[in-house]
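S.K.: Structure incoming, see below.
The values are calculated or read from the model by the stated rules, or taken from the named source; none is laboratory data. Note that the coordinates shown come from a computational prediction; the quantities given were computed from them, not determined experimentally. Cβ atoms come from the backbone with ideal geometry, glycine included; neighbour counts cover every protein chain shown.
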Ligand SMILES: C[S@@+](CC[C@H](N)C(=O)[O-])C[C@H]1O[C@@H](n2cnc3c(N)ncnc32)[C@H](O)[C@@H]1O
């Protein structure tokens, strides 16, 4: 029987190919096959050698054949046919990437799996916008949380612990449930004027940013037509964002009206 290939679970970072690790770039250049999802940017995919087989395993657009079970099976099939397989995932494979499930499945089927970390979007979007996720006097810690909820179910999060003004909250996949997040955090004591920075397609040429407040965020992001992939940074540090890229006059107005609130939040803890 033919020996199974090795699967590398590789973080592709947030989109900018310069933010790939050196190891990720080397593995891509050596790959016989690359399975990638929708968060992997075109710029990164350009680094895949033309001889390598490419398999898109994105889950968007009602792509029935790309359920997690199907992705696992595809990876196993690739391991049967190739020596070096790169499973390329946006950001870091072990941060809201289901990389753990893929590694477990492949391991159960006798496939060697090696994980190469990538820059997760929280770190990348913070750096790209000038927002330190922790900052002396503003945030003593940071929490990464998923805003994804199953089919219209309420978000099952520990709101009392999340509503901590001393901790930065980074929400992945949080656009659809932002009204719940905003209402729950305020109900559990986080000030309504807490700054919120939204970053869509961070570090790519399509990047958009909007600085708003916790109470205004659901309406502001809807009005500005934010779409996934968008990352939400909630907390005092968000007010340190570089001048957000303004998308429309209305947003500029909303920002200028909200600015004093941000200044007072930051000044109170400087
Ligand atoms: C399934 S999670 C994958 C996270 C990824 N493994 C990581 O470490 O960044 C998808 C979510 O990550 C966030 N995300 C990923 N890339 C992003 C980017 N370039 N800009 C903004 N948000 C991003 C968004 O919240 C998106 O909905």
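This table checks each residue for (1) at pLDDT 95 or above; (2) surrounded by 16 or more Cβ atoms within 10 Å (Cβ to Cβ); (3) away from the ligand (no atom under 14 Å from the Cβ).
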site	(1), (2), (3)
5	yes, yes, yes
20	yes, yes, no
39	no, yes, no
57	no, yes, no
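S.K.: Something else about it: Go through (1) within 20 Å of residue 172 (Cβ to Cβ); (2) away from the ligand (no atom under 12 Å from the Cβ); (3) in a loop (DSSP other than H, G, I, E, B) for residue 71 and report which single condition fails.
M.R.: Just one mismatch for residue 71, condition (3).
S.K.: Does residue 34 fit the bill of being part of a strand (DSSP E or B) and under 20 Å from residue 204 (Cβ atoms)?
M.R.: On the way: part of a strand (DSSP E or B): yes; under 20 Å from residue 204 (Cβ atoms): yes.
In short, yes.
S.K.: Next question, about the same structure. Take residue 230 and tell me if it is closer than 22 Å to residue 120 by Cβ, within 14 Å of the ligand (Cβ to nearest atom) and either out of contact with any strand residue (DSSP E or B) (no Cβ under 8 Å at 6 or more places or on another chain) or at pLDDT below 95 (or both).
M.R.: Details: closer than 22 Å to residue 120 by Cβ: yes; within 14 Å of the ligand (Cβ to nearest atom): yes; either out of contact with any strand residue (DSSP E or B) (no Cβ under 8 Å at 6 or more places or on another chain) or at pLDDT below 95 (or both): no.
For residue 230, the condition - closer than 22 Å to residue 120 by Cβ, within 14 Å of the ligand (Cβ to nearest atom) and either out of contact with any strand residue (DSSP E or B) (no Cβ under 8 Å at 6 or more places or on another chain) or at pLDDT below 95 (or both) - is not met.
S.K.: Of the residues 87, 80, which is within 13 Å of the ligand (Cβ to nearest atom) and either in a helix (DSSP H, G or I) or buried (at least 21 other Cβ atoms within 10 Å of the Cβ) (or both)?
M.R.: Numbers: 80 fails: within 13 Å of the ligand (Cβ to nearest atom).
Answer to the check: 87.
S.K.: I need every pair where a residue in segment 185-201 that is on the phi > 0 side of the Ramachandran plot has its Cβ under 6 Å from the Cβ of a residue that is part of a loop (DSSP other than H, G, I, E, B), sequence separation at least 6 or different chains.
M.R.: Sorted first by the residue in segment 185-201, then by its partner, the pairs are 189/163; 201/207.
S.K.: With the requirement that a residue be surrounded by fewer than 22 Cβ atoms within 10 Å (Cβ to Cβ), assigned to a helix (DSSP H, G or I) and within 12 Å of the ligand (Cβ to nearest atom), what does segment 103-123 give you?
M.R.: If the condition is that a residue be surrounded by fewer than 22 Cβ atoms within 10 Å (Cβ to Cβ), assigned to a helix (DSSP H, G or I) and within 12 Å of the ligand (Cβ to nearest atom), then 123 is the only one that fits.
S.K.: Right, something else. Could you list, in sequence order, the residues of segment 129-181 that are farther than 13 Å from residue 236 by Cα, over 13 Å from the mean Cα position of the chain (by Cα) and buried (at least 21 other Cβ atoms within 10 Å of the Cβ)?
M.R.: Passing the criteria: 129, 177, 178, 181.
S.K.: With segment 154-214 as the region, which strands (runs of 3 or more DSSP E) entirely inside it contain at least 1 residues that are away from the ligand (no atom under 11 Å from the Cβ) and over 22 Å from residue 141 (Cβ atoms)? Even if it seems obvious, please write down each step before you answer.
M.R.: Numbers: elements: 167-172, 195-200, 208-213.
Passing ranges, in order: 208-213.
S.K.: Being assigned by TED's automatic domain parsing to the domain that holds residue 211, within 18 Å of the chain's Cα centre (by Cα), within 22 Å of residue 175 (Cβ to Cβ) and not in a helix (DSSP H, G or I) is the requirement here; does residue 95 meet it? Talk me through it step by step, then tell me what you get.
M.R.: Working: assigned by TED's automatic domain parsing to the domain that holds residue 211: no; within 18 Å of the chain's Cα centre (by Cα): yes; within 22 Å of residue 175 (Cβ to Cβ): yes; not in a helix (DSSP H, G or I): yes.
When the stated conditions are applied, residue 95 does not pass them.
S.K.: Related question: Pairs only if they're at least six apart or on different chains, beta carbon under 9 angstrom, first in segment 113-125 and closer than 11 Å to residue 15 by Cα, second modelled with pLDDT of 95 or more and assigned to a helix (DSSP H, G or I); list them, first residue then second.
M.R.: 118/19; 118/24; 119/19; 119/127; 124/19
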